[in-house]
Amino acid sequence: MDRLLPVWIIAAMAVGLILGSVVRGLNAGLEALKVGEVSLPIAVGLLVMMYPVLAKVRYDHAHRVMADRRLMVTSLVINWLLAPAFMFALAWLFLPDLPEYRTGLIIVGLARCIAMVMIWNDLACGDRESAAVLVFINSVFQVIAFGGLGWLYLQWLPALLGLPTTSADFSFWAITASVLVFLGIPLLAGFLTRTLGERAKGRDWYEAHFLPKVGPWALYGLLFTITLLFALQGGTILAQPWDVFRIALPLLVYFLVIFVAGIAIGRWLNLGYAKTVTLAFTAAGNNFELAIAVAVGTFGVTSGQALAGVVGPLIEVPVLVALVYVALWARKRYFTPEMIAAPPMEEKP
């Protein structure tokens, strides 16, 4: 199934567009299934997608990941300094005349990825333990820093540069709910499954028998989520193609540049392939669930900010799938066998 992943994803997009266009009331029905600003159907898809990946993580190795200061510091710098600043610059460069879309893009840039990045990292043979730790750190920073960064990039910095400012009061509870639902639930489930499974049957049984059975559900959840996203937003895409195109351009540049920068920096720091690709994907991905929830809650469901948030995952999904294959190609071309075949974590000092 992995080998034909692009085919399945394109098919899921097409099915979503068809369902959104043909089935009357589907969009309204899906939108009605919410708890606060959390879409229950999308939450189910993401939880099904996230659980198998997080069940694979060896949580007893997390402290060794935390001890890798180069990885930790580099990830924090890229995720919370460079990436938001780059999205701010792209938003003003590409959308100087469209303040609502520009604001939506900046919000997307502030929402660091805590969910779908796990599956991209897994498909590209990244380091699962590092991904879990980096995603957890991003979640903590998201709750603490999102509101302050919103003020910085929407008010303080534009005023400093003599540009128009945007007033926005982000909901702390919307941010916290996004983190708890899309990371907290599958993380707890994955941790308990591994802990109890190994305690009952041992690690060999758990990894050789249990994980192969639950593993395919990650892709089923991914395809289900993609179908829902395109079913929900297909009408908007077809009704406003030029607006979607203008929003998509800076997003495309953002994903490509941040990903390549992550690969280049990880290669320069000699992190090894697995940690380098983890660094790149955790930097390039964005938390579209949070971005959409914040945009809708702050500016309204029909706002340009909400549309920019919606376009984010519609561009991110196919681009990051393509970057999975770029990463696998780069592994053969730019990483030595020693950097690819890192020693098992048990053997590391």
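Here, each number is a calculation from the coordinates, and none is a lab measurement. This structure is a prediction, so every number in the text was calculated from the model and none was measured. Ideal geometry is used to build each Cβ from the backbone, glycine not excepted, and the neighbour counts take in all protein chains shown.
Okay, here's what the table says:
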{"read-out": "Calculated FRET efficiency for the pair R70/W329, C-beta based, R₀ 25 Å, to 0.05", "value": "0.55"}
{"read-out": "Debye log10 I(q)/I(0) at q = 0.10, 0.16, 0.17 Å⁻¹ for region 1-134, Cα point scatterers", "value": "-0.52, -1.19, -1.24"}
{"read-out": "Value of [θ]222 nm, deg cm²/dmol, for the chain, DSSP H segments ≥ 4, -39500 (n - 2.57) each, nearest 500", "value": "-23000 deg cm²/dmol"}
{"read-out": "Dipole-positive endmost among L269, V48, A293 within the chain (Cβ charges, Cα centre)", "value": "L269"}
{"read-out": "Projected label distance in nm at L160 and C125, using a 7 Å step from Cα toward the beta-carbon", "value": "4.3"}
{"read-out": "Per-pair calculated FRET efficiency, R0 = 41 Å: A200 and L81 via Cβ, rounded to 0.05", "value": "0.40"}
{"read-out": "Neighbour-count order for T103, T193, T176, fewest beta carbons within 10 angstrom listed first", "value": "T176, T193, T103"}
{"read-out": "Gaussian network model of the chain, Cα within-10 Å springs - most flexible of A200, A231, A132", "value": "A200"}
{"read-out": "Nearest-ten-degree value, helix 304-334 long axis tilted from longest Cα axis of the chain", "value": "30"}
{"read-out": "Fluctuation leader among N138, N287, N270 - the chain, Gaussian network, Cα springs under 10 angstrom", "value": "N270"}
{"read-out": "Point-charge dipole on Cβ atoms (K/R +1, D/E -1) for region 162-292, about Cα centre, debye to 20", "value": "420"}
{"read-out": "Degrees between helix 241-268 axis and first principal axis of the chain (Cα, 0 to 90, nearest 10)", "value": "30"}
{"read-out": "About the Cα centre, charge dipole magnitude for region 2-336 (Lys/Arg +1, Asp/Glu -1 at Cβ), debye", "value": "940"}
{"read-out": "Taking S39, S130, S21 and counting other C-beta atoms within 10 Å, the order from fewest to most", "value": "S21, S39, S130"}
{"read-out": "Relative exposure of C125, C113, judged by other C-beta atoms within 10 Å (fewest first)", "value": "C125, C113"}
{"read-out": "Label assignment, Rg/Rh (Cα atoms, Kirkwood Rh) derived from the structure, set (i) 0.96; (ii) 1.38; (iii) 0.99", "value": "(i)"}
{"read-out": "Value of relative contact order over the chain, rounded to a whole percent, pairs C-alpha under 8 Å and six or more apart", "value": "32"}
{"read-out": "Cα extents of region 79-194 along the three principal axes, largest first (Å)", "value": "53, 31, 20"}
{"read-out": "Mean-position separation - Cα centroids, region 66-82 and region 198-254, in angstrom", "value": "25"}
